[in-house]
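Each remark here refers to the structure printed beneath this line.
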């Protein structure tokens, strides 16, 4: 995973991605050379002014997306609220112990349960589709990505001689097309990734974004042999240049036919 802890900065997440030794999916020699350049460049944290990270002739703007059903244009995210509540609970519990009991700067992971109601101290069962689904995944992507696309002209004006890339840190679960059987081929699994869905990639087609680096933070293949997805064969990082935003395998996915492998 590229995001391990609740208090990691954007710079730390960025470093986790570009310094990762995990294989990167590329479609061309051009992308392979660009990947090498990204990894070998001397990057600077530019998050105070944007775009987020700059190098000699490259710049990258980073944003995160997920598949959580939200309201108020993404401002009301139940999963983030649950995570914050879990973190506060742990911190309050730790504060009850004498000073020196724990490491002075502990790193805490807060992963809350959205079904829990702290006011009644009870759990409300829900169907997973009301929590996360492909439609929410696409809507969240469009909303967040468009906000950054609206700033592309400003990025290009500030740094006219740099190539612009978007780094997408993707926290969504894995989605495939619904089938009558639970069996799915490697080919079907790979071609179900969102960069083959024109619903996602059409935002980039006419944009001035030169490349997209897509880091999958939560896409796992769950099997009986590996129930936690620990032997996933799917790419965790993908690099796409403008030439490959659409490919011969690109399609417009039917949103209603997509199901999460977390089911």
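Could you figure out which of (1) within 27 Å of residue 154 (Cβ to Cβ); (2) surrounded by fewer than 16 Cβ atoms within 10 Å (Cβ to Cβ) isn't true of residue 11?
Among (1) within 27 Å of residue 154 (Cβ to Cβ); (2) surrounded by fewer than 16 Cβ atoms within 10 Å (Cβ to Cβ), residue 11 violates only (2).
Inside region 112-229, counting only strands (runs of 3 or more DSSP E) that do not spill past its ends, which hold 2 or more residues that are modelled with pLDDT of 95 or more? Reasoning before the result, please.
Working: elements: 163-170, 175-177, 211-216.
Passing ranges, in order: 163-170, 211-216.
In region 245-263, which residues are within 19 Å of the chain's Cα centre (by Cα), part of a loop (DSSP other than H, G, I, E, B) and over 25 Å from residue 27 (Cβ atoms)?
The one that is within 19 Å of the chain's Cα centre (by Cα), part of a loop (DSSP other than H, G, I, E, B) and over 25 Å from residue 27 (Cβ atoms): 262.
Checking the structure you have, find out if any residue of region 149-172 is more than 30 Å from residue 37 (Cα to Cα) and crowded, with 18+ Cβ neighbours inside 10 Å. Quick ask: steps written out before the conclusion?
Within region 149-172, the first condition is being more than 30 Å from residue 37 (Cα to Cα), and the residues that meet it are none.
Scanning region 149-172 turns up no residue that is more than 30 Å from residue 37 (Cα to Cα) and crowded, with 18+ Cβ neighbours inside 10 Å.
The values are calculated or read from the model by the stated rules, or taken from the named source; none is laboratory data. The model shown is predicted, which means the values in this text are computed figures rather than measured ones. FYI the Cβ positions are ideal-geometry reconstructions off the backbone, even for glycines, and counts take in every protein chain you see.
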